[in-house]
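Worksheet: the structure to be examined is printed underneath.
Where a number appears in this text, it was derived from the coordinates with a stated rule and is not lab data. Nothing here was measured: the structure is a model prediction, and the numbers come from that model. Ideal geometry is used to build each Cβ from the backbone, glycine not excepted, and the neighbour counts take in all protein chains shown.
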Amino acid sequence: MTFPSGNRLHKGLVNHWQKFTFSPSGGLRLKRDITEYGEFVRSFNAPSIDEKFELLGIVANAFIVAPESLASLFEGTPPSIRKDALRFIQLREDFKTAKISSMLHSFMSDS
């Protein structure tokens, strides 16, 4: 598989995942899947693809932590990672019921 194939795999997976909502247990399963995809893409010998899957694993933590811990989870990360994280955070099954968007106002205003 070539370098562009790794990018397509990443983009395809992210687009697919954005069609769902995730519970904490679903987030754990997704994180495990991302780890396995990451192991597979290391065979491409393409550090930029490795990095994309590593970042996906970090962002997937957004499904696992308690709502009040979300802002601190991505504290100090570059704005581009926070933007990706917010896209994932909105896929949490408790996004509306836990009023997560109001908790994250300062998180996004720092970007």
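Points worth noting:
- The mean sequence distance of close C-alpha pairs (under 8 Å, at least 6 residues apart), as a share of the length of the chain, puts its relative contact order at 30 percent.
- The shape of the range 48-97 can be summarised by an equivalent ellipsoid whose semi-axes, obtained from the alpha carbon gyration tensor, come to 19, 12, 9 Å from longest to shortest.
- Principal-axis analysis of the Cα atoms of the chain puts helix 24-41 at an angle of about 20° to the longest axis.
- Rg [Å, one decimal], Dmax [Å, integer] - the range 8-111, C-alpha atoms: 13.6, 42
- Cα→Cβ-extended label distance, 7 Å offset, between Val65 and Gln90, nm: 2.0 nm
- Using 0.36 nm per residue and subtracting the Cα-Cα separation, the extra length available between Thr21 and Met103 on full extension is 27.6 nm.
- Degrees between helix 47-59 axis and first principal axis of the chain (Cα, 0 to 90, nearest 10): 30 degrees
- To the nearest ten degrees, helix 79-89 and the longest principal axis of the Cα atoms of the chain are 70 degrees apart.
- Exposed-loop-free span, longest in the chain, where trypsin sites (Lys or Arg not before Pro) count as exposed if DSSP calls them loop and at most 11 other C-beta atoms lie within 10 Å: 20-95
- The chymotrypsin sites (Phe, Trp or Tyr not before Pro) of the range 9-41 meeting both criteria, a DSSP state outside H, G, I, E and B (loop) and at most 15 other C-beta atoms within 10 angstrom of the site's C-beta, are Phe20.
- When every Cα-Cα distance of the range 1-61 is counted in 10 angstrom steps from zero, the calculated P(r) takes the values 23, 56, 19, 2 percent.
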